[in-house]
Amino acid sequence: MPAPWAEPEYNPSSKELLDRIVEVIGDASISSKDVQIKNVSKWVINEVVAERYHDGEDVFCLGDAVHRHPPVNGLGSNTCIQDAYNLAWKIALVEQGKAQRSLLDSYTTERQPVGQTVISRANQGLRDHDPIWDAIGRKEPTLEGRQAAWAELSEGSERGAARRERLRKAVDWTAHALMAVGVEMNQRYDSRAIYLADEEGPRPELPEDPILHYQISTYPGQRLPHAWINTRNPGKQLSTQDLAGKGRFCLIMGHGGERWREALKRVGEELGVRTVSWTVGWGLDYEDVYGDWTRRREVRDAGCVLLRPDRFVAWRAMDMVEDCEGKLRTVFRHMLGLDNPPPREDGHL
Ligand SMILES: Cc1cc2nc3c(=O)[nH]c(=O)nc-3n(C[C@H](O)[C@H](O)[C@H](O)COP(=O)(O)OP(=O)(O)OC[C@H]3O[C@@H](n4cnc5c(N)ncnc54)[C@H](O)[C@@H]3O)c2cc1C
């Protein structure tokens, strides 16, 4: 039988709440003179994700409407905002007639697996607190049992040391909820809105603990790696993240990569999409002040990394290619669904 508080119509009275508070604190002397219930806000723990975020036509769902989970790991609002960030530029390009509707299909393909990961992690994060409650005796059924377990934590005995060790390990494990950079950053997209055809090797493996650690890479479908950059006459410190976004496709290259810039401009104008390009390196648009970009970019100086407006890597070239304009055109037309477009009846592309 489910616990009463799991029922939507469960509306505890102030007396019932006070009884529960007394039970939790374990002090029967507490009365309504000491505790006043001012407000009750009900909240139900969920572990649900929609199978599809898009009905294939004009309905797109995002945010808590498609993924619901407890606040552990703090993955709620940011996942909702990421959904919107993923979808907005795609809708804009399709509405402007610059991309096929197939671009919109990538929304579910890319974001639903993220939702699945997030609801699982947040709920696991909640379950991971169980060993803490256990170690401090919170799960003992009687007040005496809880007090005895709590007292054990102060004991200079083998028993006390063992309980403290259990507690320490349980607290350490909560790093998977409190310092979990990996679960936020290891989002990897694989869809038609990513161009993988030029990749010679497989996607880099995830770190041994992908919840805690982030695999930095410019492999298409990954997040743009952060690196601090600056101007030659030091100005405001920037991140590579600041170069991208703002509704534009962004190309980053180094020495010998300048031809990409002209090519991008021409292809962008031809397809009517907004683009921007930056060179990063010694004496270029931006200085790679700590060398982090060079360490993280995984392409050679004359190669380039193309970012979508949502700052995910769309494609990269390991080095300069002979027909860089043709290459960029192929990549963009693939992403926007313009190669072999299916016929539309409404006169759009
Ligand atoms: C206790 C708690 C703690 C949290 N802590 C964190 C945290 O630390 N970090 C974090 O990132 N996230 C946290 N979250 C999660 C975060 O608050 C949610 O993921 C986020 O607010 C969901 O945003 P949303 O826009 O998708 O939905 P909502 O914020 O629920 O917005 C939906 C809106 O639609 C309105 N609405 C509903 N039906 C209709 C209708 N028929 N017509 C018109 N309007 C309607 C609602 O009134 C509401 O304003 C927490 C959540 C809870 C409950």
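The values are calculated or read from the model by the stated rules, or taken from the named source; none is laboratory data. Keep in mind the model is a prediction, meaning the values are calculated, not measured. Methodologically, a virtual Cβ is constructed for each residue, glycine included, from the backbone with ideal geometry; neighbour enumeration extends over all protein chains shown. Areas reflect the complete protein model, heavy atoms only, side chains present, ligands, DNA and RNA absent. Shrake-Rupley method; radii C 1.70, N 1.55, O 1.52, S 1.80 Å.
At a glance:
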| read-out | value |
| --- | --- |
| Region 292-314: number of residues that are under 28 Å from residue 82 (Cα atoms) and open to solvent by 40 Å² or more (accessible area, probe 1.4 Å) | 5 |
| Contacts under 6 angstrom Cβ, first residue in region 72-98 being touching a residue at least 12 places away in the same chain (Cβ under 8 Å), partner within 14 Å of the ligand (Cβ to nearest atom) and of a type in the set (Val, Ile, Thr), 6 or more apart | 75/118; 79/118 |
| Subset of region 84-124 that is within 16 Å of the ligand (Cβ to nearest atom) and in contact with a helix residue (DSSP H, G or I) (Cβ under 6 Å, 6 or more places away or on another chain) - its residue that is nearest to residue 311 (Cα to Cα) | 86 |
| Test result for residue 217, of a type in the set (S, T, N, Q) and touching a His at 6+ places or on another chain (Cβ under 6 Å) | no |
| Scope region 53-66; condition surrounded by 13 or more Cβ atoms within 10 Å (Cβ to Cβ), under 21 Å from residue 121 (Cβ atoms) and either more than 10 Å from the ligand (Cβ to nearest atom) or among the hydrophobic types (A, V, I, L, M, F, W, C) (or both); matching residues | 53, 61, 62, 66 |
| Subset of region 99-133 [part of a helix (DSSP H, G or I), without any contact (Cβ under 8 Å) to a residue 60 or more places away in the chain and of a type in the set (Asp, Glu)] | 130 |
| Residue tally, condition open to solvent by less than 30 Å² (accessible area, probe 1.4 Å) and assigned to a helix (DSSP H, G or I), over region 268-291 | 2 |
| Criterion violated by residue 46 - all others in (1) open to solvent by less than 60 Å² (accessible area, probe 1.4 Å); (2) away from the ligand (no atom under 16 Å from the Cβ); (3) over 17 Å from the mean Cα position of the chain (by Cα) satisfied | (2) |
| Subset of region 172-183 [outside any loop (DSSP other than H, G, I, E, B) and open to solvent by 70 Å² or more (accessible area, probe 1.4 Å)] | 172, 173, 178, 181 |
| Count - residues of region 174-205 that are out of contact with any His (no Cβ under 6 Å at 6 or more places or on another chain) and under 30 Å from residue 328 (Cβ atoms) | 20 |
| Filtered residues of region 256-267 (kept if over 32 Å from the mean Cα position of the chain (by Cα) and assigned to a loop (DSSP other than H, G, I, E, B)) | 256 |
| Subset of region 137-156 that is in a loop (DSSP other than H, G, I, E, B) and touching a helix residue (DSSP H, G or I) at 6+ places or on another chain (Cβ under 6 Å) - its residue that is most open to solvent (accessible area, probe 1.4 Å) | 139 |
| Residue 129 under 26 Å from residue 10 (Cβ atoms), crowded, with 18+ Cβ neighbours inside 10 Å and within 16 Å of the ligand (Cβ to nearest atom) | no |
| Residues (outside any loop (DSSP other than H, G, I, E, B) and near the ligand (Cβ under 6 Å from one of its atoms)) located in region 67-80 | 74, 76, 77, 78, 80 |
| Unique match (being under 16 Å from residue 198 (Cβ atoms) and out of contact with any strand residue (DSSP E or B) (no Cβ under 7 Å at 6 or more places or on another chain)) among 333, 296 | 333 |
| Residues located in region 216-225, provided they are open to solvent by 40 Å² or more (accessible area, probe 1.4 Å) and under 13 Å from the mean Cα position of the chain (by Cα) | 223 |
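Quick grid of which residues meet (1) within 22 Å of residue 106 (Cα to Cα); (2) at pLDDT 95 or above:
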{"site": "284", "(1), (2)": "no, yes"}
{"site": "291", "(1), (2)": "no, yes"}
{"site": "318", "(1), (2)": "no, yes"}
{"site": "329", "(1), (2)": "yes, yes"}
{"site": "343", "(1), (2)": "yes, no"}
{"site": "349", "(1), (2)": "yes, no"}
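Yes/no per residue for (1) part of a helix (DSSP H, G or I); (2) touching a Gly at 6+ places or on another chain (Cβ under 7 Å); (3) more than 13 Å from the ligand (Cβ to nearest atom); (4) open to solvent by 80 Å² or more (accessible area, probe 1.4 Å):
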| residue | (1), (2), (3), (4) |
| --- | --- |
| 24 | yes, no, yes, no |
| 37 | no, no, yes, no |
| 41 | no, no, no, yes |
| 82 | yes, no, no, no |
